[in-house]
Amino acid sequence: MGVTRESNLVKLMKVLGNKINKGKEVRYSVPDLWSCFGYEGEEKIVGDNGAIYVNPYKFYHDCIKNYIMPNYDSSLNYKQSISSLTHGFKVKIGYLGGDWIKKSTIYSMHIRTSTSWDHDESGFLEDENKTGLKETGTFVKTIALIPLLKKMGINTLYLLPISKYSTKFKKGELGSPYAVKNFFEMDPNLKDPMTGNELTVEEEFGALVEACHIMGIRVMIDIIPRTCARDNDLIMDHPDWFYWIRSKDLVWYNPPYVHGVDEAEKPSYDNMHQVYSSEQVWNHIKKFTVSPDQFDSVKWAEIKAKYKKNPKIDFLQLIEDEIGLTTAPAFSDCINDPQPPWTDVTYFRLYMDNPVQSRHLMTDPWQAPYILFDTIKGNLFKGEQRNEGLWNAVSDIIPYYQDKFGIDGARVDMGHALPSELVQMILDKPRAKDVDFAFIAEELLLAGAEIARNTGYNMIIGYGWWLEPRAYDHKTHEFMYGARDFKAPVFACAETPDTPRIAAREGGRYMSKLTTLMNLFVPNAVPFINSGLELYETQPMNTGLDCRPDERYRLHHDDPYNGKLAFFDKYQFHWTNDLRWDLPDTLQTVTNFRNMFIDTISNPDNFIPLGFGDPRLPAIGLGWMVEGRRWQDHDNLIIAVCNTDLMNEREFTIDLGEARYQSGNASRKAWLVYSANEWSHDIYDFDDKWNLKLRFKPAEVKILIM
């Protein structure tokens with residue numbers, strides 16, 4: 001095929017191909033949704049449970065050879081970002097590099113979970129099953145999901161953290177990927193035993209990125225520059241980049257309570273006097289001490305020598321045992337936040353001195369560095385002595401993944417709480433390598449949207465995930481109509497990896513389908529599909545935002561994954577449920593239509609909100625004037641409309657007055673592009689004011705073009 005020998009994807013394909021005979025006697029189950037590329041191995045058996053049985057080596061080999069490689073262009077280097085593939089992206093006037101994301105449909109994936117499957121049907125997810133294969137997710141298995149992503153219209157894959165993480169203070173069975181132990185090493189658990197020693201985990205990730213790029217899918221990663229695992233590898237060379245307490249004080253360690261301050265109040269210049277007047281705050285501060293190299297230089301030197309001899313030792317345990325110090329757990333930067341400490345992570349020490357704004361409140365000049373609401377809120381409270389080495393290290397994370405793998409973008413975790421100068425470094429270095437690199441800000445509040453955009457972020461997360469599930473009080477309407485006026489593009493989504501599943505909310509899968517389809521047409525917003533949403537999963541991946549006390553118990557009590565969270569435990573999605581093809585098939589139809597008009601839908605200036613005479617009605621109408629067409633041309637008005645009444649059929653008359661005025665559309669015929677309850681057909685039902693009349697089933701979405 002003319003493929004260069006250094007291609008990781010080709011190397012993977014060859015390794016798998018050479019082992020096909022090894023898999024002939026293996027009974028290996030995969031969900032039939034993983035076979036969207038149409039696997040036809042002679043040994044394939046179709047089960048009656050939504051699974052198929054295949055030769056694993058041939059299955060993944062054929063996905064690469066028969067589905068991905070026919071799209072390969074030998075003139076392109078797929079180890080580069082997609083914007084760099086065609087010999088570099090040229091800067092355009094008025095265009096912010098990375099704004100390709102405005103035309104994206106994003107799929108968020110937690111690799112460890114999204115391709116977990118009990119392949120030997122033993123009833124357990126095993127690190128190595130009876131055939132020697134891994135049942136939690138791997139980069140290699142993820143390649144088999146690319147055909148499904150393409151079917152659903154996905155063109156951007158956003159990966160939750162893939163770096164090596166710590167299990168020393170792990171939560172759950174496996175620990176959190178956000179407790180990063182080494183930012184410049186891949187999570188070894190994502191290595192697939194199918195390749196043995198012939199490929200490294202880095203090469204397997206490289207193969208995944210190449211496969212995505214060949215298929216026109218961009219790849220984004222998550223970086224966490226503010227916190228890390230409490231036994232992060234940087235400790236051994238830079239112990240002073242961290243906060244330390246005596247090990248014996250760990251049992252008493254909690255965020256201090258401040259009387260007179262509201263629950264979860266943000267730190268500010270005005271409330272710092274109250275904070276530093278609190279006895280609990282001072283008891284907390286006094287737990288901190290200098291770093292272990294300063295506390296006992298002799299023992300530190302001995303520990304360093306042991307680590308140099310054996311880098312795999314538990315060096316934090318040595319520090320705790322021999323010096324009596326440990327890293328201080330992180331906690332929320334909001335005052336009186338009811339959350340307990342985050343016991344698996346700690347904060348980086350961004351400044352070598354205390355914040356200028358509250359320095360006068362620190363009356364002890366010899367106090368060791370400490371974690372407090374101000375010292376960890378670097379966007380507001382800054383020191384004068386930057387921790388330059390640390391700043392350089394965290395701002396080099398993204399460039400490392402660019403140079404080695406050619407990633408296309410990144411989300412910056414808690415970037416809004418970092419010093420603005422550090423944020424600029426984190427954004428500038430990648431764009432010096434790729435001017436079209438995209439950034440997502442973890443900014444939930446719309447008040448920060450304009451600042452994020454001016455800083456250089458392409459979009460923010462926003463709070464659609466909170467509004468959209470609340471159709472009963474018109475919050476869904478508020479988001480879908482209001483997004484046009486936001487100061488930065490936001491995620492169009494009803495769930496994220498941190499929130500409840502929309503299928504577990506009021507309206508269940510009906511509301512899930514409604515929001516997923518309507519989100520493809522929300523102005524100034526980027527459709528975001530959280531892995532598992534397409535299967536109507538009800539179990540959340542994490543319970544960080546807007547969750548009920550029993551949120552982790554959404555499954556039947558007999559389900560082995562009831563109570564488990566994908567962020568911390570072994571978990572597999574319900575890939576073989578009876579409705580598994582419903583959303584993928586629907587998205588295939590609707591995203592194909594959307595992509596025909598993506599230039600129109602990605603420009604909010606083309607949006608026209610559609611009303612129904614009474615704003616209290618449970619209906620949402622999103623209209624779009626087709627860009628590039630003159631008023632006298634055909635097909636110049638797109639309409640997406642839904643019934644947000646989850647229980648009752650409804651009939652609505654869509655007010656087209658403004659839409660007709662702006663678009664010049666005088667047609668009294670509409671073509672029904674999509675409905676779950678009707679075949680596509682012409683619609684002629686207009687009233688005497690030329691307004692369109694439609695009847696809806698509960699939670700039904702209709703998409704039309706005039």
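Coordinate-derived values only; no laboratory data. Just so it is clear, the structure is predicted and the values come from calculations on it, not from any experiment. Note that we place each Cβ from the backbone using ideal geometry, even for glycine, and neighbour counts take in every protein chain shown.
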Restricting region 637-706 to GluC sites (Glu not before Pro) in coil, as DSSP defines it, with at most 15 other Cβ within 10 Å: 649, 678
Total charge dipole magnitude, region 604-706, about the Cα centre, Cβ charges on Lys, Arg, Asp, Glu only, Debye to nearest 20: 80 debye
Amide H within-cut-off set for residue 242, under 5 Å, with H built and near neighbours excluded: 349
From the C-alpha gyration tensor of region 597-705, square roots of 5λ in Å: 22, 14, 14
Charge dipole (the chain, unit charges on Cβ, about Cα centre) - positive-most of 316, 367, 590: 590
Rounded to 5, the percent of DSSP beta bridges in the chain classed as antiparallel: 65 percent
Whole-number percent relative contact order across region 539-615, with pairs defined as alpha carbons under 8 Å at least 6 apart: 17 percent
13 Å Cα-Cα reach of residue 513 towards aspartates and glutamates, excluding residues that sit fewer than 8 places from it in its own chain: 468, 495, 534, 537, 582, 585, 700
Entries of 130/570; 102/702; 14/58; 102/487 with Cα pairs more than 21 Å apart: 102/702
In order through region 390-401: 3J(HN,Hα) via Karplus (6.51 cos²θ - 1.76 cosθ + 1.60), integer Hz, x for Gly, Pro: 5, 4, 5, 5, 6, 7, 8, 5, 4, x, 4, 6
Largest to smallest principal axis extent of the C-alpha atoms in region 188-294, angstrom: 59, 35, 22
Placed amide H near residue 611: partners under 5 Å, 5+ positions off or other chain: 655
Region 485-503-region 422-478 distance, computed between alpha-carbon centres (Å): 11 Å
Lys/Arg +1, Asp/Glu -1 at C-beta; the chain dipole; positive extreme among 533, 50, 219: 219
Anchor residue 299: lysines whose Cα lies under 30 Å away (excluding residues fewer than 8 positions away in-chain): 164, 168, 170, 181, 248, 286, 287, 308, 309, 312
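Let's see if you can work this out: charge +1 on each Lys and Arg Cβ, -1 on each Asp and Glu Cβ, no other charges. What is the dipole magnitude of the chain about its Cα centre, in debye to the nearest 20?
1140 debye
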In range of the label at residue 550: residues from region 469-512 whose backbone nitrogen is under 13 Å from the point 7 Å along Cα→Cβ: none
Contact order relative to length of the chain, as percent, for alpha carbon pairs under 8 angstrom and 6 or more apart: 12 percent
Sequence-distant aspartates and glutamates (8 or more away, or on other chains) whose Cα lies within less than 18 Å of residue 382: 240, 270, 333, 353, 374, 421
Cα pair count fraction exceeding 16 Å, expressed as % - region 264-375: 66 percent
Karplus-derived HN-Hα couplings along region 492-509 (A = 6.51, B = -1.76, C = 1.60, θ = phi - 60°), whole Hz, x at Gly and Pro: 9, 7, 10, 7, 10, x, 9, 10, x, 6, 5, 6, 9, 8, 4, x, x, 5
Inter-label distance for residue 93 and residue 361, nm, one decimal - labels placed 7 Å from Cα along Cα-to-Cβ: 5.0 nm
Karplus (6.51, -1.76, 1.60) ³J(HN,Hα), θ = phi - 60°, over region 328-338, in Hz, Gly and Pro reported as x: 7, x, 7, 8, 4, 7, 7, 6, 6, 6, x
Long-range HN-HN contacts of residue 492 with modeled amide H, under 5 Å: 526, 528
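About the Cα centre, and with charges only on the beta carbon of Lys, Arg (+1) and Asp, Glu (-1), how big is the dipole of region 215-320? Nearest 20 debye, please.
The calculation lands at about 520 debye.
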Rounded tilt (10° steps) of 297-309 against the dominant C-alpha axis of the chain: 50 degrees
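Of all chymotrypsin sites (Phe, Trp or Tyr not before Pro) in region 231-339, which ones are in loop regions per DSSP and have a Cβ with at most 16 other Cβ atoms within 10 Å?
257, 269
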Environment charge of residue 678, counting only residues whose C-beta is closer than 12 Å and scoring Lys/Arg +1, Asp/Glu -1: +1
Charge sum, other residues only, whose C-beta stays under 15 Å from residue 47's C-beta, Lys/Arg counted +1 and Asp/Glu -1: -4
Alpha carbon convex hull of the chain, volume per residue in cubic angstrom: 176 Å³
Relative contact order %, region 180-261, counting alpha carbon pairs below 8 Å whose residues are six or more apart: 35 percent
Most positive-pole-ward Cα, 124, 107, 70, against dipole of region 1-160 from beta carbon charges: 70
Angle between the chain longest axis and helix 201-214 axis [Cα atoms, degrees, rounded to 10]: 30 degrees
